[in-house]
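Peer 1: Take this structure first; my questions come after.
No lab work stands behind these numbers, since they all come straight from the coordinates. Values in this document were obtained by computation on a predicted structure and should not be read as measured data. Neighbour counts are summed over all protein chains in view; Cβ atoms, including those assigned to glycine, are modelled from backbone coordinates with ideal geometry.
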Ligand SMILES: Cc1cc2nc3c(=O)[nH]c(=O)nc-3n(C[C@H](O)[C@H](O)[C@H](O)COP(=O)(O)OP(=O)(O)OC[C@H]3O[C@@H](n4cnc5c(N)ncnc54)[C@H](O)[C@@H]3O)c2cc1C
């Protein structure tokens, strides 16, 4: 009898378990709540939304919206429950989180192929086909076990991450390419600031509201070399000018002058369509981050594809460890799904559970596994987290910058809505043809 173990009945694990059950495969689904708490989950239901109740857009001209359509075509089991649990939220897809989680829990509890075991898993048994979907708040004992399986280097913890923006939205009348002291190629994009501009930026920063930390995170220690920008700013008005915003060695050739402060942006993906703000890890509320970033000369219209966030987050070094099928390279019995793989967000976690569930079913049935191309959002996300060329791997959510380029004329490329529609139609066509 074919049997698979799924660790964690969160967003990814619930979707994966239902995908396996749909294909007639028996599942032992382990969930440690309510016996062991994560510090963020509030209920004992499966697939709980821990923070906001929004899944973002459902529009195909938005990358996250397109991902949802791809998931529906691929037969997601959680998407119909999401649609049934919807609450009005303007252009966003938001849900009644309790109704959603209760419905998913009932669906799983009533499924004859799924055996629910309310226990904490503390060891990985390599001989059993297993999907590890224990999330960003994986229990300490399981973290230790994963660490010993993957090696010390391969389980990362971090506190704060910096925002990422789309290069196409930068104003190059103001920004310029250059490396500090002109070393190497001009890899960095620099946004120069006058004294007045820096003063305005600093005021927004020190007055900006921060996200209240959960109790379990309040005692979190920051790495001194990776302090949130608001913590640095609180140490004095010039601390940032001697830190991440230092202007030395960055002469704007158009003026021949050194500036008062400079915000640097570093390439974030191979296609050079995404850039992260260097040293900008932050825990500011997203509205304040937007106001702050838009106050930087050259970034007034920046399109922010990932905001800075701070919480305990466990993710593995997927580019080194996982194949594009989300299988552990060194042990094909073990798959990873959800946020632990380095994809970020509710939709992305469910999508990854869907993909892993489909692939685990194929694996136990000795069939060829599914690999989605980079023309689709799900394929592009999977490629991003398993591609080995990252200088520093950090989690990512759906965005257009990671999709494969598409030939189109200049006029279409400039019309953002039209460009996204073309990319979306290409992706949907591919997904519809998957057998
Ligand atoms: C505090 C916080 C806030 C977030 N807010 C948002 C947000 O607003 N919007 C957004 O899009 N994303 C948000 N995320 C990111 C992410 O989308 C969610 O964490 C999402 O739930 C991840 O899905 P998952 O399936 O990977 O993990 P989870 O949904 O967390 O599921 C993992 C499950 O595994 C269980 N588990 C852990 N260890 C064990 C073990 N040893 N044995 C058995 N079971 C175990 C857990 O109890 C949990 O039920 C947030 C993350 C955190 C930590």
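Peer 1: For every helix of n ≥ 4 consecutive DSSP H residues, a contribution of -39,500 (n - 2.57) applies; sum these over the chain, divide by its total residues, and give [θ] at 222 nm rounded to the nearest 500 deg cm²/dmol.
Peer 2: -9500 deg cm²/dmol
Peer 1: Treat each spin label as a single point 7 Å out from the Cα along the C-beta direction, and report the residue 186 to residue 98 distance in nm.
Peer 2: Calculated label separation equals 5.8 nm.
Peer 1: Let me ask you something else. Nearest 0.05, what FRET efficiency do residue 72 and residue 36 give at R0 = 41 Å with Cβ-Cβ as r?
Peer 2: Efficiency at R0 = 41 Å is approximately 0.75.
Peer 1: Here's a follow-up. Between residue 3 and residue 210, 0.36 nm times their residue separation minus their Cα-Cα distance comes to what?
Peer 2: Value of the extension gain: 69.9 nm.
Peer 1: Also, quick follow-up: Using just the Cα positions, wrap the chain in a convex hull and report its mean projected area in square nanometres, one decimal place.
Peer 2: Details: hull surface 85.4 nm².
That works out to 21.3 nm², a quarter of the Cα hull's surface.
Peer 1: Where does helix 97-109 land angle-wise versus the long Cα axis of the chain, in degrees 0 to 90, nearest 10?
Peer 2: The angle comes out at about 30 degrees.
Peer 1: Quick one: divide the alpha-carbon radius of gyration of the stretch 1-105 by 2.2 N^0.38 Å and tell me what you get.
Peer 2: In units of the globular-protein estimate, the stretch 1-105 measures up at 1.13.
Peer 1: Could you list 384, 177, 260, 188 so that the one with the fewest beta carbons within 10 Å of its beta carbon is first and the one with the most is last?
Peer 2: On the way: 384 26, 177 13, 260 16, 188 20.
Sorted ascending by nearby Cβ count, the order is 177, 260, 188, 384.
Peer 1: Å³ per residue of the Cα convex hull, for the stretch 309-351? Write out the running numbers ahead of the final one.
Peer 2: On the way: hull volume 3.3 nm³, N = 43.
Taking the convex hull of the Cα positions in the stretch 309-351, it is 77 Å³ per residue.
Peer 1: Report, in whole Å, the centroid distance computed from the Cα atoms of the stretch 377-423 and the stretch 315-347.
Peer 2: Rounded to whole Å, the Cα centres lie 20 Å apart.
Peer 1: On to the next question. Taking a point 7 angstrom from the Cα of residue 26 along the C-beta vector, which residues in the stretch 335-371 have backbone N less than 15 Å away?
Peer 2: Under cut-off, by backbone N: nothing.
Peer 1: Please list the equivalent ellipsoid semi-axes of the stretch 41-100, computed as the square roots of five times the alpha-carbon gyration tensor eigenvalues, in descending order and whole angstrom.
Peer 2: On the way: eigenvalues 79, 38, 18 Å².
Its equivalent ellipsoid spans semi-axes of 20, 14, 10 Å.
Peer 1: What FRET efficiency comes out for residue 127 versus residue 52 if R0 is 30 angstrom and r is the Cβ-Cβ distance? Round to the nearest 0.05. Spell out each step's value before the answer.
Peer 2: Working: r = 39 Å, r/R0 = 1.31.
So the FRET efficiency works out to roughly 0.15.
Peer 1: Taking only Cα atoms, what is the 0 to 90° angle, nearest 10, from helix 416-432's long axis to the longest principal axis of the chain?
Peer 2: Value to nearest ten degrees: 20.
Peer 1: Given the chain, what percent of its DSSP beta bridges are antiparallel, to the nearest 5? Could you put the intermediate results ahead of the total?
Peer 2: Details: 30 of 47 bridges.
The antiparallel fraction comes to roughly 65 percent.
Peer 1: Here is a follow-up. Is the stretch 164-308 best put as rounded, prolate or oblate by its Cα gyration tensor, with a ≥ b ≥ c the root eigenvalues, rounded for a/c under 1.5, and otherwise prolate when a/b is larger than b/c, oblate when not? Each step should come with its number before you reach the end.
Peer 2: Numbers: a/c = 1.68, a/b = 1.46, b/c = 1.15.
Judged from the Cα gyration tensor, the stretch 164-308 comes out prolate (a/c at least 1.5, a/b above b/c).
Peer 1: Simple spin-label model, 7 Å along Cα-to-Cβ: residue 294 to residue 330 in nm?
Peer 2: 4.8
Peer 1: Mind running the shape call on the stretch 54-199? Use the C-alpha gyration tensor, a ≥ b ≥ c as the square roots of the eigenvalues: rounded below 1.5 for a/c, prolate if a/b tops b/c, oblate otherwise.
Peer 2: Working: a/c = 2.81, a/b = 1.49, b/c = 1.89.
Because a/c hits 1.5 or more and a/b fails to exceed b/c, the stretch 54-199 counts as oblate.
Peer 1: With axes computed from alpha carbons, what is the tilt in degrees of helix 63-73 against the longest principal axis of the chain, rounded to the nearest 10 within 0 to 90?
Peer 2: 20
Peer 1: Can I ask one more? Order of 282, 61 from fewest to most other C-beta atoms within 10 Å?
Peer 2: Working: 282 31, 61 17.
If I rank by nearby Cβ atoms, fewest first, I get 61, 282.
Peer 1: Can you pull a Stokes-Einstein diffusion coefficient for the stretch 306-435 at 4 °C (1.567 mPa s), Rh from Kirkwood over Cα pairs, as a whole number of µm²/s? Could you put the intermediate results ahead of the total?
Peer 2: Working: Rh = 15.7 Å.
The Stokes-Einstein estimate is 82 µm²/s.
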